[in-house]
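Peer 1: Provided herewith is a single structure, encoded as structure tokens, for subsequent inquiry.
The values are calculated or read from the model by the stated rules, or taken from the named source; none is laboratory data. Owing to the predicted nature of the structure, the values given are computational and were not obtained by experimental measurement. Methodologically, a virtual Cβ is constructed for each residue, glycine included, from the backbone with ideal geometry; neighbour enumeration extends over all protein chains shown. To get the accessible areas, we keep the full protein, side chains included, count just its heavy atoms, and leave off ligands, DNA and RNA. Shrake-Rupley method; radii C 1.70, N 1.55, O 1.52, S 1.80 Å.
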Amino acid sequence: MKTFTHKLVLALTAALLTTAAALAQRTLPGGKPRQAQAVSTQQCRAAVSTKNVYMQDPNKPEKQPSKWLTNLPIDSTILVQNFNPVVEGTDIAYSTYYSEDLTRYFLGNTIKTIRTIVPAGAKSVRVWVNNPDVEGDTLYAATFEGYKGDVVEDFPVECLLEEVKTLEVGFTLHFDEKAPLHAYVVPCNRYSSFVVRDTGTGDFVARDYTHMRYMLYGDYHLCYGYFIQCITEGDGGFKPYDLQMAGVSHVRGFLGDDTDLSIGIMNYGTEPMPNAKLTCTIENTTTDITYDNPVGFLYYAHMDTEVKAPTTAKRIPIVINLVEVNNAPLTEPCDPVEGSVTAVDRQESVPRNVVMEEFTGTWCGWCPRGMRAVELLSEIYGDRFIPIGVHYNDVFESADFKYILDNYASGGFPGCTLNRLTSSDPYNGTGEHGKGDLGIAYDMDYIFELPCEARFDITNVSTDRDTRTVSVTTDAIFSIDCIEAPYAVSYVVTESGLKGVQSNYYPTMNPSQVPENLRDLTQKGMQYLANIDHVGRSIEGLLGVEGSIQAPIVKGQKQTFTHTFTLPETVENLANVHIAVLLLDTKTGEILNAQQTGLNLEVDEGISTTTAHAGMLVRAQRGALSVNAPQGATLRIYDAGGRLLRQQMCNGSLTLPLPAGCYVVESSSAAGVQTAKVVL
């Protein structure tokens with residue numbers, strides 16, 4: 001038996017727990033999606049402070065009581081989170097969600113007590129329990145006067161749980177006059193929830209902090225949860241030992257190399273889980289894995305080990321089974337979890353392009369540094385860098401990006417994700433691969449070098465001005481074999497050349513303390529008219545268009561797909577539109593590779609712009625020609641009189657600034673010689 005010693009990490013990754021996906025998709029009562037506007041949301045999101053460790057509940061037991069319905073570890077520390085003061089006449093609600101994996105243990109039982117800490121300063125508190133899956137289904141509500149506030153209190157409840165999947169439990173505070181506003185939160189290692197709602201405006205608006213990371217303990221993976229516990233009249237269905245698989249990663253490596261593998265387990269048992277035994281099966285080989293660090297109730301154990309990538313280029317399953325808990329075989333079988341390992345030939349690994357989804361807003365005073373980072377990265381990396389501005393709570397916001405915001409904008413604003421592999425500041429970066437001014441570039445360089453098993457090219461794009469429809473054709477060529485097809489194509493519409501009044505905090509700083517490439521921001525106003533580029537307008541196929549990549553994947557075999565869609569009405573100028581075409585790994589959610597194209601609006605009718613069979617595409621874009629050609633092709637650009645203007649190598653894609661005119665582009669490569677005539 002091979003034994004691994006692993007560490008317990010207070011972390012939870014969305015890809016490793018099914019309840020995270022459910023939380024990300026849920027809506028608030030009334031069927032309206034979660035939004036964030038009231039309660040001075042901008043300041044809450046960007047400048048929340050948490051302090052003053054609250055006294056632990058003196059009655060807190062050492063192990064989880066079986067009659068407590070809670071999504072927080074029993075030994076959690078309670079802290080105070082401060083917001084901006086509320087004005088008179090405001091109603092503020094705090095709530096938490098209990099997902100199906102917890103609620104199911106208590107069906108048929110009755111909640112008798114809701115234990116929480118209500119902030120002082122409000123005239124009354126209304127405690128309630130809702131069924132969020134049914135519009136207007138309030139299971140219980142009662143108003144209490146004369147509560148103490150700022151202490152652990154028990155509110156009497158009589159709420160029978162029948163035929164519900166999930167619960168929203170919370171309380172509403174009514175303020176007659178201006179008062180401080182704070183909340184009692186718990187840093188936890190699973191996606192519990194912390195929802196703040198302002199009901200005083202008459203609109204149903206909320207801010208969900210579920211995915212916001214809690215940084216106090218220096219662990220980026222800790223999340224927010226509100227201190228709310230439901231105590232039932234009888235025991236729930238919790239067992240003393242109940243370990244469940246939370247997921248296993250999908251990993252990539254070069255042929256035969258060791259590659260990191262992560263396995264997640266979750267403890268739903270009232271007793272701390274002392275140890276566990278698992279098996280890892282890859283093809284015909286099974287290896288034992290022993291985990292010997294205790295795991296408490298609702299804690300997540302994240303185990304890191306290594307597996308060897310196969311010696312042939314392919315993608316194959318990894319199956320993890322739980323076989324023993326507390327040195328005893330399982331009394332009931334536990335569903336296995338499946339990941340995968342992809343082996344890529346180092347010589348055939350395709351250079352990735354990096355997609356930055358930048359989380360920003362015109363209200364955000366620190367977001368100018370994210371805008372500047374996009375400008376600088378575009379200059380450094382050219383076509384290999386594809387920026388998408390994901391706006392929140394301003395005129396450029398698009399509901400299509402709500403899922404992206406909920407699952408990746410966990411670090412606040414400004415923020416970003418690179419290929420949906422990291423979450424960080426768009427200027428400073430994660431710091432994991434290098435630090436300094438524009439530290440995000442170190443993260444990009446790291447992603448550029450990751451194994452990639454698919455070349456991905458745009459071979460044709462056409463636009464109908466009258467109907468505003470766009471048709472995009474792509475070629476995907478994989479360097480691996482795979483029986484399944486865990487890949488799909490997604491399309492993001494962006495628009496540049498927009499204007500907006502941007503908030504700016506940099507004038508409050510000493511210029512000498514600001515990086516040189518941001519220093520001019522200190523000379524702009526606290527608000528200034530800004531160029532807003534790369535604004536995400538819509539997404540076609542959020543998680544990939546079904547059928548865009550077909551099974552089986554055969555090494556070297558081209559898959560061509562054409563998708564037609566209509567541009568959103570929010571687009572103001574078709575000449576400023578780009579389409580970012582993303583190749584997604586549907587198992588991991590990451591962007592494996594991507595390309596970007598304009599709409600070819602400047603091309604005259606009847607002039608061919610592509611020889612699709614050879615993979616060359618020439619596009620006219622605002623003072624430049626954008627060329628996609630086979631790797632290693634020699635490009636020659638001629639004017640209308642046949643005069644050679646430029647000759648250079650092309651490594652897949654190239655942008656050539658040129659004045660207006662008519663041009664002939666010639667590509668010479670192993671695929672042959674192709675030409676295209678365009679008008680710029």
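Peer 1: Restricting to region 511-523, name every residue that is touching a Ser or Thr at 6+ places or on another chain (Cβ under 9 Å) and open to solvent by 10 Å² or more (accessible area, probe 1.4 Å). Quick ask: steps written out before the conclusion?
Peer 2: Quick first cut of region 511-523, residues touching a Ser or Thr at 6+ places or on another chain (Cβ under 9 Å) only: 511, 514, 519, 522.
Selection gives Pro511, Arg519, Thr522.
Peer 1: Failed condition for Met526, given (1) surrounded by fewer than 16 Cβ atoms within 10 Å (Cβ to Cβ); (2) modelled with pLDDT of 95 or more; (3) among the hydrophobic types (A, V, I, L, M, F, W, C), with all others met?
Peer 2: (2)
Peer 1: Follow-up question, since we're still on this one. Among the residues of region 290-315, which ones are β-branched (Val, Ile, Thr) and open to solvent by less than 20 Å² (accessible area, probe 1.4 Å)? Before the answer, list the steps.
Peer 2: Of region 290-315, the ones β-branched (Val, Ile, Thr) are 290, 295, 305, 307, 311-312.
Matches in region 290-315: Val295, Thr305, Val307.
Peer 1: Separate question: Assess whether Val185 counts as being β-branched (Val, Ile, Thr), closer than 27 Å to Asp75 by Cα and at pLDDT 85 or above.
Peer 2: On the way: β-branched (Val, Ile, Thr): yes; closer than 27 Å to Asp75 by Cα: yes; at pLDDT 85 or above: yes.
The answer is yes for Val185.
Peer 1: Taking region 477-505, which residues are over 28 Å from Pro310 (Cβ atoms), open to solvent by less than 10 Å² (accessible area, probe 1.4 Å) and not in a strand (DSSP E or B)?
Peer 2: Ser496, Asn504
Peer 1: Arg420 is checked against (1) more than 25 Å from Glu338 (Cβ to Cβ); (2) of a type in the set (Lys, Arg); (3) in contact (Cβ under 8 Å) with a residue 40 or more places away in the chain and fails just one. What number does that condition carry?
Peer 2: Among (1) more than 25 Å from Glu338 (Cβ to Cβ); (2) of a type in the set (Lys, Arg); (3) in contact (Cβ under 8 Å) with a residue 40 or more places away in the chain, Arg420 violates only (1).
Peer 1: Another question about this same structure. Condition (residue is open to solvent by 80 Å² or more (accessible area, probe 1.4 Å), under 23 Å from Arg352 (Cβ atoms), at pLDDT below 80 and in a strand (DSSP E or B)) applied to region 636-658: is it met by at least one residue?
Peer 2: Scanning region 636-658, I find at least one residue that is open to solvent by 80 Å² or more (accessible area, probe 1.4 Å), under 23 Å from Arg352 (Cβ atoms), at pLDDT below 80 and in a strand (DSSP E or B), so the answer is yes.
Peer 1: Inside region 424-457, can you point out the residues that are touching a residue at least 60 places away in the same chain (Cβ under 8 Å) and in a strand (DSSP E or B)?
Peer 2: Ala454, Arg455, Phe456, Asp457
Peer 1: Looking only at region 428-442, decide whether some residue is open to solvent by 20 Å² or more (accessible area, probe 1.4 Å), within 17 Å of Pro351 (Cα to Cα) and hydroxyl-bearing (Ser, Thr, Tyr).
Peer 2: Scanning region 428-442 turns up at least one residue that is open to solvent by 20 Å² or more (accessible area, probe 1.4 Å), within 17 Å of Pro351 (Cα to Cα) and hydroxyl-bearing (Ser, Thr, Tyr).
Peer 1: Next question, about the same structure. Yes or no: Ala276 open to solvent by less than 20 Å² (accessible area, probe 1.4 Å), touching a helix residue (DSSP H, G or I) at 6+ places or on another chain (Cβ under 8 Å) and of a type outside the set (Lys, Arg)?
Peer 2: Working: open to solvent by less than 20 Å² (accessible area, probe 1.4 Å): yes; touching a helix residue (DSSP H, G or I) at 6+ places or on another chain (Cβ under 8 Å): no; of a type outside the set (Lys, Arg): yes.
No: the conditions fail for Ala276.
Peer 1: When you look at Glu324, is it open to solvent by 40 Å² or more (accessible area, probe 1.4 Å) and within 30 Å of Leu102 (Cβ to Cβ), yes or no?
Peer 2: Yes; evaluated as a whole, the condition is true for this residue.
For every residue, the table says whether it meets (1) open to solvent by 10 Å² or more (accessible area, probe 1.4 Å); (2) in a strand (DSSP E or B); (3) at pLDDT below 75.
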residue	(1), (2), (3)
Thr201	yes, no, yes
Leu216	yes, no, yes
His221	yes, no, yes
Tyr224	yes, yes, no
Gly237	yes, no, no
Gly256	yes, no, no
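Peer 1: Just to be sure, is Pro451 under 28 Å from the mean Cα position of the chain (by Cα) and either among the acidic types (Asp, Glu) or open to solvent by 10 Å² or more (accessible area, probe 1.4 Å) (or both)? Spell out the reasoning first.
Peer 2: Values: under 28 Å from the mean Cα position of the chain (by Cα): yes; either among the acidic types (Asp, Glu) or open to solvent by 10 Å² or more (accessible area, probe 1.4 Å) (or both): yes.
For Pro451, the condition - under 28 Å from the mean Cα position of the chain (by Cα) and either among the acidic types (Asp, Glu) or open to solvent by 10 Å² or more (accessible area, probe 1.4 Å) (or both) - is met.
Peer 1: Within region 343-389, how many residues turn out to be out of contact with any Pro (no Cβ under 7 Å at 6 or more places or on another chain), of a type outside the set (Asp, Glu) and in contact (Cβ under 8 Å) with a residue 60 or more places away in the chain?
Peer 2: 24
Peer 1: Those residues that are hydroxyl-bearing (Ser, Thr, Tyr), open to solvent by 50 Å² or more (accessible area, probe 1.4 Å) and within 26 Å of Asn651 (Cβ to Cβ), I need them from region 455-475; list them, please. Write out each step before concluding.
Peer 2: Filtering region 455-475 down to residues hydroxyl-bearing (Ser, Thr, Tyr) leaves 459, 462-463, 467, 469, 471, 473-474.
Cutting the leftovers down to open to solvent by 50 Å² or more (accessible area, probe 1.4 Å) gives us 462, 467.
Result: Ser462, single match.
Peer 1: Does any residue of region 372-391 turn out to be within 30 Å of Gln527 (Cα to Cα), open to solvent by 20 Å² or more (accessible area, probe 1.4 Å), at pLDDT 90 or above and of a type in the set (A, V, I, L, M, F, W, C)?
Peer 2: Yes, some residue in region 372-391 is within 30 Å of Gln527 (Cα to Cα), open to solvent by 20 Å² or more (accessible area, probe 1.4 Å), at pLDDT 90 or above and of a type in the set (A, V, I, L, M, F, W, C).
Peer 1: Gly146 passes all but one of (1) free of Cβ contacts under 8 Å to residues at least 12 places away in the same chain; (2) under 18 Å from Ile78 (Cα atoms); which number fails?
Peer 2: (2)
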